[in-house]
Amino acid sequence: MNCYEHTLIARQDLQKKSLEEIKKRYQSIIEKNKGKVVKLEEWGLMNFSIPIKQNKKGYYLHFKFEGEGRIVEELEKKERIDDQLLRFMTVKYKKLDLKNNFFEKKER
């Protein structure tokens, strides 16, 4: 099994219900293709340094999963035609880092 981190950016004007549907949709694609979502991080709404498709902010979702390469092909095929998403990126790792959550909100 290969280890992957997959980040996608959804439009800023989506409702909470739409974001939940996006999470479920892409998580089910991973699971239908015999993959396993190890961790799902919601990084929240963040500003862009340069606007993307006339958007100044985007909602980030980060999946850490294990599976075969065809899962990535299927995910990216669906994401290319999804008008609710602005960008997506997949990175392959030898081992997933499950300890660190770099965008976790820390209490003061």
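Observations, loosely collected:
- Among all positions in segment 43-65, there is at least one residue which is among the β-branched types (Val, Ile, Thr) and more than 25 Å from residue 96 (Cβ to Cβ).
- Close Cβ contacts (under 6 Å, 6 or more residues apart or on different chains) running from residues in segment 73-102 that are touching a residue at least 60 places away in the same chain (Cβ under 8 Å) and among the acidic types (Asp, Glu) to residues that are in a loop (DSSP other than H, G, I, E, B) and surrounded by 10 or more Cβ atoms within 10 Å (Cβ to Cβ) are absent.
None of the figures in this text is laboratory data; all of them are computed from the coordinates on show. Everything numeric here is computed off the predicted structure, so don't read it as measured data. Quick reminder, even Gly has a Cβ in these numbers, built from the backbone with ideal geometry, and neighbours come from all protein chains shown.
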